[in-house]
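Here's the structure we're looking at; comments come further down.
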Amino acid sequence: MDHEDALARLRAADPAQGAEVDVARLRTAVDARIAAEAGGEGLAPVTDIRASRSRRWLRVASAAAAAVVVGGVGFGLGNGALLGRTGGGDTAFDGAATSEAASGLAPADAAAPEAGGGGVDSAAAQDERMIWPGWPERQTFTPVGLPNEAGTATMWAFDATAAWTEARVAEIAAVLGVEGTPELTDGSWVVGTLDGTGPYLMVYPDGQAGLNFYDPAADPWNCEAVREGAAECPDLGPAPTDDEARQLTRDLLAELGLDPAAFEYEVSKDEGAGWISVAAYQLLDGRRTGVSWWASYSGGGLQSLSGSLAALVDLGTYPVVGAEEAVSRITDPRFGTIGGFSVLPAARGGGVLEGDAMVEDQVVAPDTTPTEPPAPLAPGAAVPWPVEDVEITGAELGLAQWTTADGVSLLVPAWELSADDGRTWTVLALAEDALDMTSVED
């Protein structure tokens, strides 16, 4: 796999904001390492930008893609798939949807709950405080007090075609100060140099026209390795302040032809490194769609930028099933749950337990370390086969980001179904009449 293909996969797996992984820093490091190698396949020589170690060979593209797949897609299919809330307290639920073919989501996973802990700390907490008796792998779902009236809902598509032209890519390159003529390289538009000596711009042929920009001259970690002593890193001066970085990002999105008012902005930074990053989350009717832009700055200016150029297109209203029927879809192998990003109201009564809070409120298991082997079953005894009956008591209709097998990116109507203990499942709400269920093999 060459580094352009790996970076395209990396872009398609844009990670969730709520993951413990520092996404902006990870993205910056990946950009820097990819830019360090102009071409070639397999192993790519890169400069270690973090410490004064000598040059070494790394599997940059594949390792970077794997890191973000673990940190991003895992959350997209789990807790990060559900709630498109606005505001700092709810940002743990940003995620990106994938099709079954792309994500590996199989019907066997259909009943897996989507609410729960996210990140290393939460995983460790669950490991240390094993919930007892736990949730069985086999489940049935019963709607309790849910409406079953069918209705309609608006569906949206991302149109990437207008951004996928040489003229549009050249226009973006001019805004970003990248010199050169757009060239199609391994299926992507590329402007600039990929050898680490100057800035580059890449635009990908995915359903959202993903963009990636990196300037090594503005990278505070673009250090030169030396044989002895500390690495020589550039002194780029102080990074912009929080307010300055937000305004720079708003101005940049406007120059790219986007509406700055259609985004919500959040800042993260590394105080000691002279670096700051802004995440701009796309809003639809005041709710996040799951699409975001990431802009990082240093004292040297714009260091890196990534985002989606595709415009949202209103596809009109589509028929949807009622909440009660949606519950039956959780275990229907034709549907199951979807690992999409839901656009749901920012405030909701009752609250939902998340992460460690959910673990804390459960009964903690006693020490069950075995001291002797278990006795065998008695002749004729029934085989233990626990099945949990989950009562679905809450339902909310929203939108979930979904990518079809041929790469079309959509915001589809979806039900968020919830149990009283806070677990949630996201299910496609579109009626069967609105679905083309023709087998891909036909």
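Label point of Ala254 set 7 angstrom out along Cα-Cβ; within the range 158-187, amide nitrogens under 20 Å from it belong to 171-177. Taking GluC sites (Glu not before Pro) across the range 365-442, the ones in a DSSP loop with at most 15 further Cβ atoms lying within 10 angstrom of their Cβ are Glu441.
A Stokes-Einstein calculation at 37 °C with viscosity 0.692 mPa s, built on the Kirkwood radius of the range 149-246 over Cα pairs, returns a diffusion coefficient of 198 µm²/s. Taken along the Cα-to-beta-carbon direction at a fixed 7 Å, the label points for Asp406 and Leu312 span 2.5 nm. Per-residue packing, averaged as other Cβ atoms within 10 Å, sorts the ranges 161-170, 179-188 into the order 161-170, 179-188, beginning with the highest.
Each label was represented as a point 7 Å from its Cα along the Cα-to-Cβ direction; for Glu137 and Val175 these points are 4.9 nm apart. Between Met437 and Asp420, the distance separating the two model label sites (each 7 Å from Cα on the Cα→Cβ line) works out to 3.4 nm. Among the trypsin sites (Lys or Arg not before Pro) in the range 279-342, those placed in a DSSP loop whose Cβ has at most 16 other Cβ atoms within 10 Å are Arg334. Mind grabbing the base-10 log of I(q)/I(0) for the range 161-309 at q = 0.13, 0.16, 0.18 Å⁻¹? Debye formula, identical points on the C-alpha positions, no solvent, two decimal places. At q = 0.13, 0.16, 0.18 Å⁻¹ the computed log10 ratios are -0.62, -0.90, -1.09. Look at the dipole of the range 161-309 built from charges on Cβ: of Val169, Pro216, Gly299, the Cα furthest out on the positive end belongs to Val169. Rounded to the nearest 0.05, the FRET efficiency derived from the C-beta distance between Glu266 and Glu396 at R0 = 25 Å is 0.55.
In loop segments of the range 382-428 as defined by DSSP, there are no chymotrypsin sites (Phe, Trp or Tyr not before Pro) with at most 10 further C-beta atoms inside 10 Å of their C-beta.
Quick note: the coordinates plus some simple rules give every number you see, no bench work behind them. Being a predicted model, the structure only gives us computed values, none of them experimental. Every residue, glycine among them, receives a Cβ derived from its backbone with ideal geometry; neighbour counts consider all protein chains shown.
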